[in-house]
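For reference, the structure is listed below as structure tokens.
The values are calculated or read from the model by the stated rules, or taken from the named source; none is laboratory data. Note that the structure is a prediction, hence the values are computed from the model and not measured. All Cβ positions, glycine included, derive from the backbone under ideal geometry; neighbour counts span all protein chains shown.
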Amino acid sequence: MSKVVISVVAKSGSGKTTLLEKVIRILKEKNITLAVIKHDAHSFEMDKPGKDTWRHAQAGADIIAISSPEKFAMIEKREQELTLDEIIDRIEGVDLIITEGYKRENKPKIEVFRSAAHSTLLCEPHELIAIASDIPWDLGVPCYHIDDAKGIAEEIISFMEKQKDK
């Protein structure tokens with residue numbers, strides 16, 4: 001079976017991270033294992049200046065990994081950004097992969113929309129499995145209130161079940 005991937009997309013300031021936090025908690029309560037891939041259009045620093053792994057990177061290491069009984073993390077310097085599919089290929093052992101961002105990728109999407117921040121949707125209806133919005137939309141896909149994390153989580157579970165049947 002192929003991996004189930006859903007992208008949560010929105011224009012900046014729409015509240016996608018806040019909604020995702022709530023949805024992730026609900027999915028975890030239902031014993032769904034999941035990975036989240038966050039897209040950052042800018043360069044980011046994950047390590048704290050002065051810590052050992054930061055010092056290793058500053059010294060020129062191309063890959064820095066840190067492991068403990070509870071966590072594993074790896075930072076890999078890249079000449080160019082990995083594609084979403086390349087990142088997905090590296091993830092194993094989860095029921096669901098949620099991406100935050102990646103609005104231009106060809107993955108099923110849930111769009112988060114806040115009318116105070118924007119006037120148009122990012123996606124075409126055929127790209128969407130649902131919309132989370134503070135105003136109603138009639139586009140032929142389910143539209144949940146932006147605060148209905150439970151409804152969005154149930155929609156994701158339903159989508160996952162449909163993918164298993166394929």
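Of K51, K38, which residue is among the charged types (D, E, K, R), surrounded by fewer than 17 Cβ atoms within 10 Å (Cβ to Cβ) and in contact (Cβ under 8 Å) with a residue 24 or more places away in the chain? Quick ask: steps written out before the conclusion?
Numbers: K51 fails: in contact (Cβ under 8 Å) with a residue 24 or more places away in the chain.
Step by step, each of K51, K38 is checked, and only K38 is among the charged types (D, E, K, R), surrounded by fewer than 17 Cβ atoms within 10 Å (Cβ to Cβ) and in contact (Cβ under 8 Å) with a residue 24 or more places away in the chain.
K22 - would you say it is surrounded by 12 or more Cβ atoms within 10 Å (Cβ to Cβ), in a helix (DSSP H, G or I), over 11 Å from the mean Cα position of the chain (by Cα) and in contact (Cβ under 8 Å) with a residue 60 or more places away in the chain? Talk me through it step by step, then tell me what you get.
Details: surrounded by 12 or more Cβ atoms within 10 Å (Cβ to Cβ): yes; in a helix (DSSP H, G or I): yes; over 11 Å from the mean Cα position of the chain (by Cα): yes; in contact (Cβ under 8 Å) with a residue 60 or more places away in the chain: yes.
In short, yes.
Sort through S68, S2, S14 and tell me the only one that's closer than 29 Å to I131 by Cβ, more than 12 Å from the chain's Cα centre (by Cα), of a type outside the set (V, I, T) and loosely packed, with under 12 Cβ neighbours inside 10 Å.
Details: S68 fails: closer than 29 Å to I131 by Cβ; S14 fails: loosely packed, with under 12 Cβ neighbours inside 10 Å.
Checking each option against the conditions leaves just S2.
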Practice task
Assess whether D47 counts as being at pLDDT below 90 and in contact with a Phe, Trp or Tyr (Cβ under 9 Å, 6 or more places away or on another chain).
Solution key: yes
Problem - Pairs, first within 20 Å of I98 (Cα to Cα) and at pLDDT 85 or above in the range 72-84, second of a type in the set (K, R) and not in a loop (DSSP other than H, G, I, E, B), C-beta under 9 Å, six or more apart - result: L82/R90
Problem - In the range 65-116, the residues that are in contact with a Ser or Thr (Cβ under 6 Å, 6 or more places away or on another chain), under 15 Å from H39 (Cα atoms) and not charged (D, E, K, R) - result: T99, Y102
Exercise for the section: Spot the failing condition for I87; the list is (1) buried (at least 19 other Cβ atoms within 10 Å of the Cβ); (2) free of Cβ contacts under 8 Å to residues at least 60 places away in the same chain; (3) among the β-branched types (V, I, T), and only one is missed. Expected result: (1)
Exercise for the section: Residues being of a type in the set (D, E) and in a strand (DSSP E or B): count how many of those fall in the range 58-77. Expected result: 1
Completion exercise
Residue pairs qualifying under the 8 Å Cβ cut-off, at least six apart or on distinct chains, with the first in the range 117-140 being over 19 Å from E154 (Cα atoms) and the second being surrounded by 14 or more Cβ atoms within 10 Å (Cβ to Cβ) and of a type in the set (G, A, S), are A117/S14; H118/S14; L122/A10
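Within the range 135-151, how many residues are aromatic (F, W, Y) and either out of contact with any Leu (no Cβ under 8 Å at 6 or more places or on another chain) or within 19 Å of V23 (Cα to Cα) (or both)?
Step one: list which residues in the range 135-151 are aromatic (F, W, Y), which gives 137, 144.
Add one more test, that the residue is either out of contact with any Leu (no Cβ under 8 Å at 6 or more places or on another chain) or within 19 Å of V23 (Cα to Cα) (or both), and what stays is 144.
Qualifying residue count for the region: 1.
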Exercise for the section: Take the residues in the range 108-145 that are in contact with a Phe, Trp or Tyr (Cβ under 8 Å, 6 or more places away or on another chain) and farther than 17 Å from I98 by Cβ, then tell me which one is surrounded by the most Cβ atoms within 10 Å (Cβ to Cβ). Expected result: F113
